[in-house]
Amino acid sequence: MARGNMLLFQQPELIEQGVVFESQPPQYFYTKLNDLKVNMLAEATKDAKLRAEKMASSTGSRIGSQRSAKMGVFQITAVNSNEISDYGINDTSSIEKEITAVVNVEFSVK
């Protein structure tokens, strides 16, 4: 009999002796975020520019030069989650994750 199975088999006897069992769900951490940050921020900035161009063109304007850019928070969430936070999220409950990079970019308008 496997050692783990023996422990399960002995649990009722141990509980009768007053041994308390406590279990916590596993936590899953993404440990390679630093490897992705630069590329993710670059992609987020490109996306911000596209969005700004669409917004400006809808009013007959064009965007000019980029005036500023600030790195925002990273949201590490479970797949298909709609959870967000001003401070960022680091979901540890799910093994599969989505990572969203947030940037704040300001453009001049022509």
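Per-structure values
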{"quantity": "Hypothetical label at residue 59: residues of the stretch 70-110 whose amide nitrogen lies under 20 Å (7 Å Cα-Cβ projection)", "calculated": "104-110"}
{"quantity": "For a label point 7 Å along the Cα-to-beta-carbon line of residue 110, residues of the stretch 38-70 with backbone N under 16 Å", "calculated": "50, 52-67"}
{"quantity": "Surface share of carbon and sulfur [accessible, 1.4 angstrom probe, percent] for the chain", "calculated": "52"}
{"quantity": "Total lysine pairs whose alpha carbons fall under 18 Å of each other in the chain (8 or more apart, or interchain)", "calculated": "9"}
{"quantity": "Solvent exposure ordering (accessible area, 1.4 Å, most first) of 71, 40", "calculated": "71, 40"}
{"quantity": "With Cα atoms, 0 to 90° folded angle of helix 3-16 axis to the chain main axis", "calculated": "70"}
{"quantity": "Percent antiparallel among DSSP beta bridges (both partners in the chain, rounded to 5)", "calculated": "85"}
{"quantity": "MRE, 222 nm, helices only [DSSP H, n ≥ 4, -39500 (n - 2.57), over the chain, to nearest 500]", "calculated": "-12000 deg cm²/dmol"}
{"quantity": "The chain: angle of helix 33-57 to the longest principal axis, Cα-based, in degrees nearest 10", "calculated": "40"}
{"quantity": "Of the chymotrypsin sites (Phe, Trp or Tyr not before Pro) in the stretch 29-105, those whose Cβ has at most 12 other Cβ within 10 Å and which sit in DSSP loop", "calculated": "29, 87"}
{"quantity": "Loop trypsin sites (Lys or Arg not before Pro), the stretch 25-85 (other Cβ atoms within 10 Å of the site Cβ: 11 or fewer; DSSP)", "calculated": "32"}
{"quantity": "Full-stretch length increase - residue 36, residue 99 - with 0.36 nm per residue and alpha-carbon distance subtracted", "calculated": "21.7 nm"}
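The values are calculated or read from the model by the stated rules, or taken from the named source; none is laboratory data. Note that the structure is predicted; figures quoted are calculated from it, not measured. Here Cβ is always computed from backbone atoms with ideal geometry, including for glycine, and neighbour counts include all displayed protein chains. Ligands, DNA and RNA are excluded from the accessible area calculation, which covers all protein heavy atoms including side chains. Shrake-Rupley method; radii C 1.70, N 1.55, O 1.52, S 1.80 Å.
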